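Scroll down for the structure; my scribbles are underneath it.
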Amino acid sequence: MSNKLTAILLIAAAVLTNAAFTVLGMVFNYPDVLGEPVDDILAAFRASQTAVIGWFTVMALSAALLIPIAIGVGRLSTRRAMRIAVPVGIAAAAVQVIGLARWPLLVPGFAADATSSDPATAAAARDSFLLAHRILGTVVGETLGYLLTAAWTLVLIALDRTIAPRWFTALGAVSAVLILAGVLDPLQLPVVGLANFIGYVIWSVWLVIFAILILRHSRSRAATTESVPSGDTPVTS
């Protein structure tokens with residue numbers, strides 16, 4: 001995969017994720033709605049079902065973009081740490097897609113059954129929603145997603161300084177630490193949710209900057225190659 005495509009995917013992931021998060025906040029009060037009683041969550045889902053399903057699908061697709069991004073970024077350096085970065089990035093994408101996919105794939109059924117006139121069916125739907133939320137949402141999508149996204153970002157410190165200057169790796173490290181704070185969210189500690197949110201905002205900016213740095217590095221290498229006469233070897237020391 002070319003560096004240009006990797007850069008495009010980085011920007012696309014940042015833009016799509018933030019667009020989806022913003023719209024879901026407007027039409028579904030996400031993520032605050034998740035703190036409401038189950039009946040209220042499912043009622044809010046039914047009220048804007050098409051939009052909610054659509055934008056959660058967009059968010060899942062944006063998370064999936066981390067798979068080709070991780071592969072492309074892994075080719076930027078031959079350092080040993082980058083061999084770790086690729087599978088970690090792919091795993092980060094996979095767990096987030098699994099967590100987010102419950103909204104378009106499972107929740108519509110739960111929301112419909114929760115309105116059933118049969119009390120047992122309605123109760124089973126609410127219980128199933130809670131189970132999916134705890135396992136697929138909290139454990140897989142969020143906790144593992146935070147851990148693996150933060151790990152992938154931190155591993156990229158191993159990138160060559162010609163691609164990633166120190167200020168860039170420092171920015172990535174800050175975003176990773178704040179994202180990692182989200183692991184503590186189930187404990188309902190103060191400011192954890194805000195720290196996690198700020199971490200993802202910084203991380204989105206970091207992704208866009210990363211794309212710019214990759215494009216600049218590619219142009220610099222191309223210019224160096226063109227300036228060297230055929231048969232000569234450029235001096236790199």
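The numbered conditions (1) within 18 Å of Ala91 (Cα to Cα); (2) surrounded by fewer than 16 Cβ atoms within 10 Å (Cβ to Cβ) are all true for Arg166 except (1).
If the condition is being under 17 Å from the mean Cα position of the chain (by Cα), open to solvent by less than 20 Å² (accessible area, probe 1.4 Å) and not small (Gly, Ala, Ser), then segment 96-113 contributes Arg102, Trp103.
Meeting the requirement of 3 or more residues that are of a type in the set (Ser, Thr, Tyr) and without any contact (Cβ under 8 Å) to a residue 40 or more places away in the chain, the helices (runs of 4 or more DSSP H) wholly within segment 114-228 are 192-227.
When residues in segment 194-237 are screened for being buried (at least 17 other Cβ atoms within 10 Å of the Cβ) and at pLDDT below 90, 2 of them pass. Consider Leu136 carefully, then state whether it is touching a Lys or Arg at 6+ places or on another chain (Cβ under 6 Å) and within 27 Å of Ala47 (Cα to Cα). Judged against the criteria, Leu136 is a match.
Can you spot a residue in segment 26-45 that is under 30 Å from Ala164 (Cα atoms), crowded, with 16+ Cβ neighbours inside 10 Å and not β-branched (Val, Ile, Thr)? Taking every residue of segment 26-45 in turn, none turns out to be under 30 Å from Ala164 (Cα atoms), crowded, with 16+ Cβ neighbours inside 10 Å and not β-branched (Val, Ile, Thr).
Quick check: anything in segment 65-88 of a type in the set (Lys, Arg) and either buried (at least 19 other Cβ atoms within 10 Å of the Cβ) or in a loop (DSSP other than H, G, I, E, B) (or both)? Taking every residue of segment 65-88 in turn, at least one turns out to be of a type in the set (Lys, Arg) and either buried (at least 19 other Cβ atoms within 10 Å of the Cβ) or in a loop (DSSP other than H, G, I, E, B) (or both).
The values are calculated or read from the model by the stated rules, or taken from the named source; none is laboratory data. This is a predicted model, so every value here is computed, not measured. As a convention, Cβ positions derive from the backbone with ideal geometry for all residues, glycine included, and neighbour counts pool all protein chains shown. Heavy atoms of the whole protein, side chains included, go into the accessibility calculation; ligands, DNA and RNA do not. Shrake-Rupley method; radii C 1.70, N 1.55, O 1.52, S 1.80 Å.
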